[in-house]
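Bear in mind these aren't lab numbers, they're just calculated from the coordinates by the rules spelled out. Since the structure is predicted, the reported quantities are computational estimates derived from the model, not experimental observations. Cβ: placed from backbone, ideal geometry, glycine included. Neighbour counts: every protein chain shown.
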Amino acid sequence: MTTEIVKKLNTPFKKEVYEGLTSDLKYLSSKYIYDKKGDKLFQDIMAMPSYYLTDCEFEILSLHTEEIAALFEEKEGFDLIELGAGDGKKTKVLLKHLVAKNADFVYKPIDISQNAIDDLTKTLAQEIPNLAVDAEKGEYFEVLDRLKQFNARKKVIVVLGSNMGNLLHPRAIEFLTQLKDTMNKGDLLFMGLDQKKNPQTIIDAYNDPEGITAAFNKNLLHRINSELGGNFNPENFKHWEVYDPETGTAKSFLVATEAQEVTIEAIDLTINFRQWETIHTEISQKYDDEIVHWLASASGLKIATDFTDSKAYYKNYVFTK
Ligand SMILES: C[S@@+](CC[C@H](N)C(=O)[O-])C[C@H]1O[C@@H](n2cnc3c(N)ncnc32)[C@H](O)[C@@H]1O
């Protein structure tokens, strides 16, 4: 890489796009799907019956609101920090309950999407006006270190929507280890993780015939076009989903349907795609108790309890240090 190029890679987005698209097997990170358009497409995905994850987690949080809130509550007050909060649809069930009980807490949602943070702040002010909110735009790994500052009172860290499933196991262990390092005795990590199940059910969740998931995946190319001066033609790429029932890993790809050249001005890059060449864009890892126990022990965490839905498709785990 020349010093000229290094100078141009002055944001994480530019740097990661350059690295991913110059790799032998091309890849882009799904965290860059989320902007105003990507956030709306994800809400549309959550509304699809085939995307069972949202309904299952909503059921768990609705049926066990009291029990979960009781685990969170602390006489001396607590901080409720949510990583990758999105539109907070499911968290609001817990937040409404806690506010109704006059619980002493501050809700701190963190998300990489400024649009998600702005929308969430607005809807919370309308729907739960008495809630103390301290929202922040941020990337998981960037904010983890700063979470250590929240050590004056109990900390409850919430990660819903199987967000950790976007990380392969070694990275997930780093994530959990760093979370553990921010935690003190008595702090909790409350995390939703999608479970292994009939592979067809999983494939259907990421492969809707209406093409909403395809549009969501292709938003990566639209963002590169609008923010980095790219000239991708998203029509020349096909959304493709695979699920490996052995490893529990679902993977999304964008597959070039024809040979093409793409340039990205902001990072001085010209890329040649062969016909049927792939860009790997997302992983959505599926878990079972054995894997979660292994991840927890490899990260120095303990599973205190868990909650599941009526179909046992999804689980919310409570981890302690
Ligand atoms: C699958 S959505 C789930 C949203 C929400 N937790 C839910 O369950 O509905 C993932 C959310 O995490 C955010 N996100 C993805 N990668 C992130 C990262 N590396 N750092 C911070 N936020 C991230 C996205 O912007 C998005 O709002």
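The figures follow:
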read-out: The chain, relative contact order [Cα under 8 Å, separation at least 6], %; value: 21
read-out: Magnitude of the charge dipole, region 158-254, Cβ model with Lys/Arg +1 and Asp/Glu -1, debye to 20; value: 180
read-out: Qualifying trypsin sites (Lys or Arg not before Pro) in region 196-300, DSSP loop, other Cβ atoms within 10 Å at most 16; value: ARG274
read-out: With Cα atoms, 0 to 90° folded angle of helix 52-63 axis to the chain main axis; value: 10
read-out: Relative contact order computed over region 71-201 (Cα-Cα under 8 Å; 6+ residues apart), in percent; value: 29
read-out: For q = 0.14, 0.16, 0.28 Å⁻¹, Debye-computed log10 I/I(0) when each Cα of region 269-321 counts as one equal scatterer; value: -0.56, -0.62, -1.17
read-out: For LEU269, distant residues with modelled amide H under 5 Å away; value: ILE264
read-out: Convex hull volume per residue for region 190-321, taking Cα atoms only, in Å³; value: 152
read-out: Under the Karplus curve 6.51 cos²θ - 1.76 cosθ + 1.60, θ = phi - 60°, whole-Hz ³J(HN,Hα) for region 235-250, x wherever Gly or Pro sits; value: 5, 8, 10, 10, 6, 9, 10, 10, 9, 9, x, 6, 8, x, 9, 9
read-out: For region 1-143: relative contact order, % (alpha-carbon pairs under 8 angstrom, 6 or more apart); value: 20
read-out: Fluctuation leader among TYR52, TYR206, TYR18 - the chain, Gaussian network, Cα springs under 10 angstrom; value: TYR18
read-out: Orientation-averaged projected area, Cα convex hull of region 1-146 (nm²); value: 11.4
read-out: Dipole magnitude (debye, nearest 20) for region 215-303, charges at Cβ of Lys, Arg, Asp, Glu; value: 140
read-out: Where chymotrypsin sites (Phe, Trp or Tyr not before Pro) fall in DSSP loop in region 215-316, at most 14 other Cβ within 10 Å; value: TRP276
read-out: Choice from SER62, SER252, SER23 with maximal GNM fluctuation in the chain (Cα, 10 Å cutoff); value: SER23
read-out: Inter-site label distance for THR22 and ASN151 at 7 Å from Cα along Cβ, in nm; value: 4.0
read-out: Peptides 146-152, 107-113, 181-187, 39-45 ordered by average Cβ neighbours within 10 Å, highest first; value: 107-113, 39-45, 181-187, 146-152
read-out: Positive-pole candidate from LEU124, ALA103, ALA135, dipole of region 95-135, charges at beta carbon; value: ALA103
read-out: Max mean-square fluctuation residue, GNM over the chain, Cα-Cα springs under 10 Å, options LYS26, LYS15, LYS154; value: LYS15
read-out: For ASP309, distant residues with modelled amide H under 5 Å away; value: TYR314
read-out: Check: the chain dipole with +1 on Lys, Arg Cβ and -1 on Asp, Glu Cβ, in debye; value: 600
read-out: Region 28-44 - phi-based ³J(HN,Hα) in whole Hz, Karplus 6.51/-1.76/1.60, Gly and Pro as x; value: 9, 8, 5, 5, 8, 6, 8, 9, 3, 6, x, 4, 5, 5, 5, 5, 5
read-out: ³J(HN,Hα), Karplus 6.51/-1.76/1.60, whole Hz, each residue of region 107-116, x for Gly, Pro; value: 9, 10, x, 10, 8, 6, 8, 4, 4, 4
read-out: Computed lengthening from THR263 to TRP276, 0.36 nm per intervening residue step minus Cα-Cα distance; value: 2.8 nm
read-out: Hydrodynamic radius of the chain per Kirkwood, over alpha carbon pairs, in Å; value: 20.7
read-out: Angle in degrees between helix 12-21 and the longest Cα principal axis of the chain, rounded to the nearest 10; value: 50
